[in-house]
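Here is the structure we will look at, set down as structure tokens.
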Amino acid sequence: MTEFEPPARKLTQETRLFINNEFVNAKRGKTFKTINPRTEQVIAEVQSAEAEDVDAAVDAATKAFKTWKKSNGCDRRDLLLKLAKLMEEHREQLAELESLDNGKPKHVADGVDIGFCIECYKYYAGWADKQSGKVINTTRDHAGTFGMTLHEPIGVCGMIIPWNFPLLMQAWKLGPALAMGCTVVMKLSEKTPLSGMMMMHLIKEAGFPPGVVNMLNGPGSTGDLIARHMGIVKVAFTGSTAVGKKITIAAAQSNLKKVTLELGGKSAMIICKDADLEQAAIACHVGLFVNMGQCCCASSRIYIHEDVHDAFVAKCVEMAKKLRTQGDTTSDTVVPICDLGPQVDEIQFKKIMSYIETGKAEGAKCLLGGNRLGDKGYYVAPTIFGDVKDDMTIAKEEIFGPVMQLMKFKMLEEAIDRANTTHYGLAAGICTRDVGTALKTARDLDAGTVWINCYDNFDMACPFGGFKESGWGREKGEYALDNYTAVKCVMCPVDGKLDEDWLQQAGKIFEDTGKVFQDVGNIVQKGTDDFMKNCQNLLGLK
């Protein structure tokens with residue numbers, strides 16, 4: 001018989017800050033509005049962290065680190081597993097809030113975002129008790145020297161996350177940091193602050209000690225305070241390349257803290273003439289339209305071999321016509337997780353519409369969409385441009401919206417060169433049925449991730465990060481653990497020499513012990529002599 005489990009309690013929506021395991025008011029009382037992108041109405045007034053709040057969070061994290069860094073890996077493992085379990089119990093409410101604040105459809109928030117978050121926390125729970133250093137074979141005096149490395153938690157980590165996947169970006173950073181024994185001061189995006197703060201109920205309920213996780217809200221200026229804080233030894237940022245450069249400068253101008261960056265992209269997808277066009281079209285469809293195009297690795301530049309160009313373009317357009325939007329979840333569609341919600345806010349909406357108008361003005365052919373949907377909410381119609389040239393603005397700059405660019409090529413080497421002609425290097429893809437061509441092209445593409453005959457195929461064990469101006473370091477997988485550890489080398493001579501003080505103490509102990517044994521021997525000898533005399537007297541012997 002299955003044991004009955006009561007339904008999960010309803011979590012309260014929090015707009016305060018979370019410091020030292022308590023929800024607290026911002027010291028200066030400043031607030032900002034968070035907006036529902038479907039209705040353009042205010043959801044809530046959220047408290048904004050200033051310098052005093054950042055200081056309080058760092059102080060709490062610093063104090064907690066003294067003991068958290070020495071915690072057992074198995075205990076950290078169990079806490080992360082408990083957090084994953086609690087997230088599973090509350091996934092419906094978290095998905096509702098993620099959808100409300102971010103705009104993505106609820107079933108996408110639940111099936112994609114929340115599902116990946118749970119997997120992330122479970123994955124890093126598995127690493128919490130397995131990280132270790134190495135025994136080093138020294139190049140000199142190998143027989144007389146013992147060397148080893150320790151991988152120690154780096155310390156108090158500052159984290160600044162974006163708005164496109166609020167809960168998932170939170171998990172990608174909290175998971176490895178907590179597993180390795182670091183403490184955290186994180187700033188949520190001011191565009192989507194609600195779901196990440198609701199998670200703090202679960203952090204506390206899971207049993208994480210006070211000060212281990214501290215969660216702040218605020219604008220970019222709050223992130224700058226984190227990047228410059230002298231009590232933070234490492235900062236992790238996900239967002240635009242422009243802001244990533246500012247984070248790096250702030251870290252350098254303060255205490256030269258370690259920096260990891262997951263930044264923007266203008267990712268290319270190459271469709272070879274031998275590709276399975278249906279498979280390739282689905283890969284491009286997912287790569288561009290998932291999350292309303294608001295993905296740093298979106299496959300927004302698609303290079304198509306001239307022999308299959310027209311047929312492939314037709315497939316892309318037909319698939320995009322079946323995209324569901326504005327709350328439609330019943331119409332026939334190709335990939336349900338590509339269902340569209342509104343863009344995150346008015347700023348992003350206007351930016352995308354501006355790029356669309358620029359594409360038209362520069363001579364690209366709008367094959368689909370190119371307009372807003374409705375008069376309420378930040379909905380952009382799925383848009384496809386053909387006849388795009390490499391020097392057009394929409395082919396060079398990150399749009400971060402549901403706008404696909406289609407281009408033609410003759411030779412594969414030409415397509416690879418064009419794909420690499422960008423200051424970005426986050427992701428790329430190739431569709432071909434020739435495995436040799438696929439693997440060679442994967443080596444030639446300047447990107448941190450290359451997908452073959454698929455796109456956006458994410459797995460927690462596989463690292464993610466960029467080349468060039470798309471970032472430093474890697475998220476996910478074992479590689480992410482390096483972001484939150486410092487390597488310490490320990491060396492010791494193997495010379496057999498004992499400490500002189502210890503030798504003197506040991507000698508004295510042996511000397512004293514010898515005296516004791518001598519005294520015992522004298523007593524035993526005296527007793528033996530007395531016993532023999534008594535025997536002689538009894539026997540009348542002299």
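The values are calculated or read from the model by the stated rules, or taken from the named source; none is laboratory data. Source: prediction; values computed, not measured. Here Cβ is always computed from backbone atoms with ideal geometry, including for glycine, and neighbour counts include all displayed protein chains.
Out of segment 347-367, which residues are farther than 13 Å from G401 by Cβ and surrounded by fewer than 18 Cβ atoms within 10 Å (Cβ to Cβ)?
Hits for segment 347-367 are K360, A361, E362, G363, K365, C366.
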- [ ] Check off (1) hydrophobic (A, V, I, L, M, F, W, C); (2) under 20 Å from L288 (Cα atoms); (3) outside any strand (DSSP E or B) for L439 and give me the number that stays unchecked.
- [x] (2)
- [ ] Kindly list, by first and then second residue, each pair from a residue in segment 105-122 that is within 15 Å of H90 (Cα to Cα) to a residue that is among the polar types (S, T, N, Q), limited to pairs with Cβ atoms under 7 Å and residues at least 6 apart or on different chains.
- [x] K106/S99; H107/T329; A109/S99
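Pick from A415, A395: which is farther than 19 Å from D310 by Cβ, under 32 Å from the mean Cα position of the chain (by Cα) and of a type in the set (A, V, I, L, M, F, W, C)?
Within the list A415, A395, the selection yields A395.
If you check A125, A143, which single one turns out to be in a helix (DSSP H, G or I), outside the structural domain of P336 (by TED's automatic domain parsing), modelled with pLDDT under 95 and not aromatic (F, W, Y)?
Among A125, A143, only A143 is in a helix (DSSP H, G or I), outside the structural domain of P336 (by TED's automatic domain parsing), modelled with pLDDT under 95 and not aromatic (F, W, Y).
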Task: Matching residues in segment 97-146 - criterion: being farther than 30 Å from Q13 by Cα and among the polar types (S, T, N, Q) - done: Q131, S132, N137, T138, T139, T145
Task: Selection count, segment 374-383, where residues are crowded, with 24+ Cβ neighbours inside 10 Å and closer than 19 Å to A298 by Cα - done: 3
TODO: Could you pull out every one of the strands (runs of 3 or more DSSP E) wholly within segment 351-436 that has 1 or more residues that are touching a residue at least 12 places away in the same chain (Cβ under 8 Å), closer than 30 Å to E475 by Cβ and not hydrophobic (A, V, I, L, M, F, W, C)?
DONE: 383-386, 403-409, 427-431
Task: Residue within segment 331-344 that is over 30 Å from the mean Cα position of the chain (by Cα) and not in a loop (DSSP other than H, G, I, E, B) present - done: no
- [ ] Select from segment 251-271 the residues that are hydroxyl-bearing (S, T, Y) and touching a helix residue (DSSP H, G or I) at 6+ places or on another chain (Cβ under 6 Å) and list them in ascending order.
- [x] S254, T260
Task: Long-range neighbours under 6 Å by Cβ, at least six apart or interchain, first residue of a type in the set (D, E) within segment 7-22, second surrounded by 14 or more Cβ atoms within 10 Å (Cβ to Cβ) and modelled with pLDDT of 95 or more - done: E14/F23; E14/M197
TODO: From the list A311, A280, A298, A275, pick out the single residue that is in a helix (DSSP H, G or I) and surrounded by 20 or more Cβ atoms within 10 Å (Cβ to Cβ).
DONE: A280
Task: Matching option when the condition is in contact with a Ser or Thr (Cβ under 6 Å, 6 or more places away or on another chain) and either assigned by TED's automatic domain parsing to the domain that holds L150 or at pLDDT 95 or above (or both), among M199, M186, M215, M169 - done: M169
Open item on the list: Every residue in segment 308-322 that is of a type outside the set (K, R) and touching a residue at least 40 places away in the same chain (Cβ under 8 Å), please.
Closed with: H309, F312, V313, C316, V317, A320
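The rows are residues; the columns are (1) among the charged types (D, E, K, R); (2) in a helix (DSSP H, G or I); (3) within 27 Å of V233 (Cβ to Cβ).
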| residue | (1), (2), (3) |
| --- | --- |
| D53 | yes, yes, yes |
| A60 | no, yes, yes |
| R77 | yes, yes, yes |
| L80 | no, yes, yes |
| M87 | no, yes, no |
| L94 | no, yes, no |
| G111 | no, yes, no |
- [ ] Pairs only if they're at least six apart or on different chains, beta carbon under 7 angstrom, first in segment 453-470 and in contact (Cβ under 8 Å) with a residue 40 or more places away in the chain and surrounded by 21 or more Cβ atoms within 10 Å (Cβ to Cβ), second among the hydrophobic types (A, V, I, L, M, F, W, C) and part of a strand (DSSP E or B); list them, first residue then second.
- [x] Y455/M269
Task: Output for segment 240-258, where each listed residue is in contact with a Gly (Cβ under 8 Å, 6 or more places away or on another chain) and either β-branched (V, I, T) or under 22 Å from G448 (Cα atoms) (or both) - done: S240, T241, V243, G244, I247
- [ ] Restrict the check to segment 7-17 and report whether at least one residue is crowded, with 22+ Cβ neighbours inside 10 Å, touching a strand residue (DSSP E or B) at 6+ places or on another chain (Cβ under 9 Å) and under 26 Å from G223 (Cα atoms).
- [x] yes
Open item on the list: I need a count of the residues in segment 104-125 that are over 18 Å from Q170 (Cα atoms) and surrounded by 15 or more Cβ atoms within 10 Å (Cβ to Cβ).
Closed with: 2
TODO: Give me a count of the residues in segment 277-297 that are more than 23 Å from G327 (Cβ to Cβ) and under 21 Å from the mean Cα position of the chain (by Cα).
DONE: 3
Open item on the list: Going residue by residue through segment 298-312, is there one that turns out to be among the β-branched types (V, I, T), assigned by TED's automatic domain parsing to the domain that holds G425, over 21 Å from M392 (Cα atoms) and modelled with pLDDT of 95 or more?
Closed with: yes
